[in-house]
Every structure is written in C-alpha cells, then in structure tokens.
Amino acid sequence: MVNYPNKRNTYHKAAASQSRRGMSLEEDINTSNEFYLKEDSAVIHKKPTPVTIVKVDYPKRSAAKITEAYFKLPSTTDYNGIYKGRYLDFEAKECVSLTAFPFSSIHEHQIRHLESVLRHGAVAFLILRMTSYEQDYLIKAEDFLNFYKTAKRKSLPYSWIQENGHPIPFRYQKPCDYLRVVDEVFGL
C-alpha cells in the first residue's frame, strides 16, 4: 500500500512504479497540481471543457448518464493558475510518434489563445509527453509559436524538441514536476 500526499491509499505493483505506462499526462499533471496546492506553492487547475448537455438517460436517479452533448465553443488551453504572483497558462499533449509532434494535435484557437496570453505577460508553455521515450518536455510558447509560424513542415521534429525543450523530471509525489522547470526556464 502506498500513502499519497492527498491521503488516498492505493495498492501499487512494484513493476508499475518503475514505469509510466498506463498513466496519462493529465493524470500526472493533476496529481502534481494537487501536491502543489497542498504545499501552498501554486494554484493551478485544469479548465473544464464547456459543453451543452442535450440528452440524459435516467435508468435510476443515482445513475444518470449523459447520452448526448456538444461543445459550446472551442476551449482554450488545458491548464491555468497562479505561481509566485505570475499567471501560468499551458497546454498538455501526448505524442506517440518516435519522430515528431504533429501540428494537427494543437488547434488554431489554442494557438491564438497562447499568442493572446503572451501579449498580456503570461508565463505560457506546452507540456509535451513523448510516450515512446517516456519523457516529458516543457516547451516555451514563444519557441513553439516561432517554429510553428515559420516551419515548412506539419510537425515539430523530435530532434527540435530535444534541443529546445526542457526535460521535466519524474518524481514520486509530483510525477510531472513542471514547476521546477518553470523556475529554471522563466527565472521565477
């Protein structure tokens, strides 16, 4: 049994503790954010996707199930919050490719949102998990946007990610300890 900082008791296989297989990036970020909140170092949350519910099935009152819904409007980025008095805004993406992150994985309204928050002084970035390599990278939004706008290709090469991205360490209590990297990269 493992006692996590949020007081949940979880049984954990020894083999799984040495690998990230089965853990999604968002789960890791959410776990890290819970830890940051508990230690009072940052307040960062996942933004809910705005949806309109059209149809709900009520087999019994305690088991209501949404059977039809649609997105109200395009969402912005996945996460935002405040850290050391600065507004943080970032998108989290997972990539299974060995060679590149496809631009089709990030939407135009997200690009516009990142540009907008940068204009207003936000600390903005992408967290990219290269699942084949079991490595997470923080990529400054400015660097990503410069490449995106000038690229003659439709993807971000893995070699560029290695050269310009900043590896995010895996830690037991903070499986995606991105704030440590934010401190280094943005000088906070």
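Checking each residue in region 112-130 for being farther than 19 Å from Val185 by Cα and either surrounded by fewer than 18 Cβ atoms within 10 Å (Cβ to Cβ) or under 14 Å from the mean Cα position of the chain (by Cα) (or both) picks out Arg112, Ser116, Met130. Which of the residues spanning region 156-175 are within 19 Å of Ile106 (Cα to Cα), touching a Phe, Trp or Tyr at 6+ places or on another chain (Cβ under 6 Å) and either in contact (Cβ under 8 Å) with a residue 40 or more places away in the chain or among the hydroxyl-bearing types (Ser, Thr, Tyr) (or both)? Listed by number, the residues that qualify are Leu156, Ile161.
Scanning region 157-167 for residues that are over 17 Å from the mean Cα position of the chain (by Cα) and surrounded by 12 or more Cβ atoms within 10 Å (Cβ to Cβ) gives Pro157, Tyr158, Trp160, Gln162, Asn164. I'd like the residue in region 168-183 that is touching a strand residue (DSSP E or B) at 6+ places or on another chain (Cβ under 7 Å) and outside any loop (DSSP other than H, G, I, E, B) and, out of all such residues, is surrounded by the fewest Cβ atoms within 10 Å (Cβ to Cβ). Checked region 168-183; the qualifying residue surrounded by the fewest Cβ atoms within 10 Å (Cβ to Cβ) is Val181. For region 8-19, the condition holds for at least one residue, the condition being that it is modelled with pLDDT under 95, aromatic (Phe, Trp, Tyr) and assigned to a loop (DSSP other than H, G, I, E, B). Checked against (1) without any contact (Cβ under 8 Å) to a residue 60 or more places away in the chain; (2) charged (D, E, K, R); (3) surrounded by fewer than 15 Cβ atoms within 10 Å (Cβ to Cβ); (4) closer than 19 Å to Leu25 by Cα, Glu134 passes all but a single condition, namely (1). Number of residues in region 165-175 that are at pLDDT 95 or above and closer than 14 Å to Ala92 by Cβ equals 2. Looking across region 116-142, the residues that are in a helix (DSSP H, G or I) and out of contact with any strand residue (DSSP E or B) (no Cβ under 9 Å at 6 or more places or on another chain) come down to Ser116, Arg119.
The values are calculated or read from the model by the stated rules, or taken from the named source; none is laboratory data. The structure presented is a predicted model; accordingly, all values stated were derived computationally and were not measured. Counting neighbours? That spans all protein chains shown, and the Cβs are built from the backbone with ideal geometry, glycine included.
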